[in-house]
């Protein structure tokens, strides 16, 4: 397996966990969304950028961006349909000029 290329993100999310109402604890079955998946959602779905534009900002290829976004959509759908919390952490990302690797 090839090493994962560093993905560039604009900033870290303000919140790191979203829980369904009434859930207080972390469940091992909860969904873990990586920071690069979060950024892909932000760029494509919130900012309305094309996959090519967003891939350029994240400094990955367009097919890689599409795979990241598809994984993010799957995880968010799983959490909504199956009433799971979403944790945002991890990934191999660089924020601004500081490099952030591993678990965040």
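The values are calculated or read from the model by the stated rules, or taken from the named source; none is laboratory data. What you are looking at is a predicted structure, and each value in this text was computed from that prediction instead of being measured. Glycine also receives a Cβ, built like all others from the backbone with ideal geometry; neighbour counts cover every protein chain displayed.
Is one or more of the residues making up the stretch 4-22 modelled with pLDDT of 85 or more and either out of contact with any helix residue (DSSP H, G or I) (no Cβ under 7 Å at 6 or more places or on another chain) or assigned to a loop (DSSP other than H, G, I, E, B) (or both)?
Just the residues of the stretch 4-22 that are modelled with pLDDT of 85 or more, to begin with: none.
There is no residue in the stretch 4-22 that is modelled with pLDDT of 85 or more and either out of contact with any helix residue (DSSP H, G or I) (no Cβ under 7 Å at 6 or more places or on another chain) or assigned to a loop (DSSP other than H, G, I, E, B) (or both).
Of the conditions (1) over 13 Å from the mean Cα position of the chain (by Cα); (2) surrounded by 13 or more Cβ atoms within 10 Å (Cβ to Cβ); (3) modelled with pLDDT of 90 or more, residue 100 clears all except one; give me its number.
(3)
Return the pairs, sorted by first residue and then second, in which the second residue is surrounded by fewer than 14 Cβ atoms within 10 Å (Cβ to Cβ) and modelled with pLDDT under 90, the first residue lies in the stretch 53-67 and is within 15 Å of residue 38 (Cβ to Cβ), the beta carbons are less than 9 Å apart, and the residues are 6+ apart or on different chains.
57/10; 60/5
Which residues, taken from the stretch 32-59, are touching a strand residue (DSSP E or B) at 6+ places or on another chain (Cβ under 6 Å) and surrounded by fewer than 21 Cβ atoms within 10 Å (Cβ to Cβ)? Lay out the reasoning, then the answer.
Applying the first criterion (touching a strand residue (DSSP E or B) at 6+ places or on another chain (Cβ under 6 Å)) to the stretch 32-59 yields 32-33, 35-36, 38-39, 58-59.
Across the stretch 32-59, the qualifying residues are 32, 59.
Which condition number in (1) surrounded by 12 or more Cβ atoms within 10 Å (Cβ to Cβ); (2) at pLDDT 65 or above is the one that residue 27 fails?
For residue 27, the failing item is (1).
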